[in-house]
Amino acid sequence: MAPSASAPVLARETAPPAAPGLGRFAGILGAALLILGLAAFPHLVGSQYYIHLVTVIAIYAILILGLDIVVGYTGQVSLGHAGLFGVGAYAAAVLFLKFKLGIWLGLLAGIGVTAAFGLLLAIPALRVSGPYLAMVTLAFGTIVQIFINEMTDLTNGPLGITLPPARVLDFSLLGLSSPWGAAGRRLEFYYLVCACLLLTILVVNRVVRSPFGRAFEALRDSPIACDCMGVSVYRYKVYAFVISAGLAGLAGALFAWSERYVAPNTYGFELTVLFLLAVTMGGRKSRSGPLIGAAIVVMMPNILADIELVRMMAGGIAALAVAILAVAFLRRRENRFALLVPALLCIAFFPATLALQSVTDYRLTVFGLMILFVVYYLPEGIVGYLREKLPFLRPAHTGEGRLLTAAGEALIRQGGREGTDPLLRVEGAVMQFGGLKALAGVDLAVRPGTIHGLIGPNGSGKSTMMNVLTGIYQPTDGAVVLAGANRLDGRTPSEIALAGVARTFQNVQLFREMTALENVLVGLHHSFQGTLFDAILSTPRRRREEREARARAMAMLDFVGLGALAQVEARNLPYGKQRLLEIGRALALDPVLLLLDEPAAGLTAPDIAELTTIIRKIRDAGITVILIEHHMDVVMGLCDRVSVLDFGHKIAEGNAREVQSDPKVIEAYLGSPVADAAE
């Protein structure tokens, strides 16, 4: 279908302010500067203290890059990464203590053992979310610390394990001496850590820009929609957690060889707070945010140990706060009163530092206050704030800067679905919530290749039936059968979606921070056969599948009239276009049965006309449609057969004309018998 005539105009209205290419260019420039800076730093600054400081920052950044996958991309809160960091450190240290194995095997052991611990933690823990997940992961960190402390035979208990200097390149195995001498050998570990950091950035970048990364983002924005697109929320949470744990293990092993000493009290609650502070302050969903956050949390204890430096910084912050507040009030800016509280807090910090002789003992309080400040006033972190003020720093979406053309048919014609046998049978479906019976033994038979209407007053059970059909609710009793023998009841939403049942939602459930193209690509997730290793290594299969999926997604967007809006974020689309995008995303599943939950709600007359045309074309392609709708003209004009629900019971069924004249239906809608209504 060609894009509508108004689409180019709309594209201009909703286009992001920044040119797409600038974000990618800023990323390449930042990466080049990082590589040059890390390579030149030891030669510009000869002090071993500062080289060690940068080494620790890089190690922390590796962990925080992994933690950002869990916190930033999937939206889960983990307080167990300090424990995982400790597991990685002890895996490397114990390997040396017991078997005298060096740094390389220690790094592999750190990654492998910690990823296994992460998997063991994730399988039960990720069945809960929010504060419960935070509590479970916090308990894990505490248990790890206690075990390390108590397992004296393995970990040396509270005494810890001391390691020798790391031998990164052991020329003695070849009977040679180091070609760059003793001074150069001290830098081997520094460059190893830098290489690990750059490799981590590359791996994380490839993962988050692959179908795995899109799944992570989708489950954060709308877990229900994600499951109904065939992307198992639970499974991808586990993937994210295991990747993150593996990176925590790598960081832990490097930290053990960096400090050359591991002890149980190193990996306590304070470290958890620091990691969380680094993610929130640096900025989520970026590669630069973890680097900034790591630098802050590594340098902060050193800064807090120098009270004079703290006072100078507090004075500078107070002066800046006064200046910002003065400008805001003099220019009568709208946010001047909102700035009052944070500005006064910054100003009050300066006299507080003058009254104290040391703030070292109050460092946890300072970290906690910083987290509160960031959560309230910099929710997107430093990088997020900069991106808001400087649009060219915004990251490019996965399709930006590429030539995108549609290829192939938008809809795959569903063959063998014609005849009189029902495609979907619902037999005696009962859905009970405590004392409320939302569905009371409802039977449905939906013939293939038709549009079947499901109507009824508010509270009649239509949406409940939709949720039963898609696995969001498990029916209390009854059966749901697709295509003769495929039982759907008892299966998860993602399994039902992959069986060929797609849906839209009464309240639009788009992945808001993703573009229209990326939303449809999530719907095409089932077409990707590549593994996580394909994504990390960017194999030819991964690139081919991505190329083919993008062409198909563009065809899908053209079909629903959104081809010109492919690169617009879903949250910036007009409401009517969001409805169409949700249908396009559902069609990407190549369904045999499409459930539309009030698709015309809130649409204008032209949008409804466009919508009805699209629904007819979907039916003509052989896809069976169940339509829930309150616009009776849409139902009567589109539906081949209509079922009517009222208080959880099916009260009528037939073609549109029969249902329209049924006395029970009239009574259900008007609330009185037909005769009374006529009067």
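The values are calculated or read from the model by the stated rules, or taken from the named source; none is laboratory data. From a predicted model like this one, the values you see are computed outputs, not experimental measurements. Neighbour counts are summed over all protein chains in view; Cβ atoms, including those assigned to glycine, are modelled from backbone coordinates with ideal geometry. Only protein heavy atoms, including side chains, enter the accessible area calculation; ligands, DNA and RNA are left aside. Shrake-Rupley method; radii C 1.70, N 1.55, O 1.52, S 1.80 Å.
Annotations for the structure displayed:
- Residues of region 157-185 classified as open to solvent by 60 Å² or more (accessible area, probe 1.4 Å) and either within 30 Å of PRO124 (Cβ to Cβ) or touching a Cys at 6+ places or on another chain (Cβ under 7 Å) (or both), total: 1
- Of all residues assigned to region 181-203, none qualifies as being on the phi > 0 side of the Ramachandran plot and not in a helix (DSSP H, G or I).
- Candidates VAL113, VAL144, VAL136, filtered to the one that is within 19 Å of THR272 (Cβ to Cβ) and open to solvent by 30 Å² or more (accessible area, probe 1.4 Å): VAL136
- Of all residues in region 577-606 being without any contact (Cβ under 8 Å) to a residue 60 or more places away in the chain and either surrounded by 18 or more Cβ atoms within 10 Å (Cβ to Cβ) or of a type in the set (A, V, I, L, M) (or both), the one that is farthest from LYS462 (Cα to Cα): ALA605
- Among (1) part of a helix (DSSP H, G or I); (2) in contact (Cβ under 8 Å) with a residue 60 or more places away in the chain; (3) surrounded by fewer than 23 Cβ atoms within 10 Å (Cβ to Cβ), the one test that ALA248 misses: (3)
- Scan region 314-329 for residues that are of a type in the set (A, V, I, L, M, F, W, C) and either in contact (Cβ under 8 Å) with a residue 40 or more places away in the chain or in contact with a helix residue (DSSP H, G or I) (Cβ under 7 Å, 6 or more places away or on another chain) (or both) and the total you get is 7.
- In this entry, CYS194 is excluded by the filter for residues that are open to solvent by less than 60 Å² (accessible area, probe 1.4 Å), farther than 20 Å from ILE57 by Cα and touching a residue at least 12 places away in the same chain (Cβ under 8 Å).
- Residues in region 287-299 that are among the hydrophobic types (A, V, I, L, M, F, W, C), open to solvent by 20 Å² or more (accessible area, probe 1.4 Å) and either touching a helix residue (DSSP H, G or I) at 6+ places or on another chain (Cβ under 7 Å) or within 10 Å of LEU274 (Cα to Cα) (or both): LEU291, ILE292, ALA295, ILE296.
- From ILE303, ILE292, ILE324, residue being in a helix (DSSP H, G or I) and farther than 30 Å from VAL144 by Cα: ILE324
- Test: SER172 is more than 19 Å from the chain's Cα centre (by Cα), hydroxyl-bearing (Ser, Thr, Tyr), part of a helix (DSSP H, G or I) and farther than 26 Å from VAL279 by Cβ: yes
Every residue, every condition in (1) more than 28 Å from HIS525 (Cα to Cα); (2) out of contact with any strand residue (DSSP E or B) (no Cβ under 8 Å at 6 or more places or on another chain); (3) surrounded by 18 or more Cβ atoms within 10 Å (Cβ to Cβ); (4) of a type in the set (D, E, K, R), yes or no:
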residue: ILE618; (1), (2), (3), (4): no, no, yes, no
residue: HIS630; (1), (2), (3), (4): yes, no, no, no
residue: ASP633; (1), (2), (3), (4): yes, yes, no, yes
residue: GLY654; (1), (2), (3), (4): yes, no, no, no
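- All of (1) open to solvent by less than 10 Å² (accessible area, probe 1.4 Å); (2) within 15 Å of GLY75 (Cα to Cα) hold for GLY282 with one exception: (2).
Condition check ((1) among the aliphatic types (A, V, I, L, M); (2) over 30 Å from LEU173 (Cα atoms); (3) free of Cβ contacts under 8 Å to residues at least 60 places away in the same chain) across all residues:
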| residue | (1), (2), (3) |
| --- | --- |
| LYS98 | no, no, yes |
| GLY112 | no, no, no |
| ALA115 | yes, yes, no |
| LEU120 | yes, yes, yes |
| VAL136 | yes, yes, yes |
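- Subset of region 638-668 [farther than 21 Å from PRO448 by Cβ and either assigned to a loop (DSSP other than H, G, I, E, B) or within 40 Å of the chain's Cα centre (by Cα) (or both)]: VAL644, LEU645, ASP646, PHE647, GLY648, HIS649, SER661, ASP662
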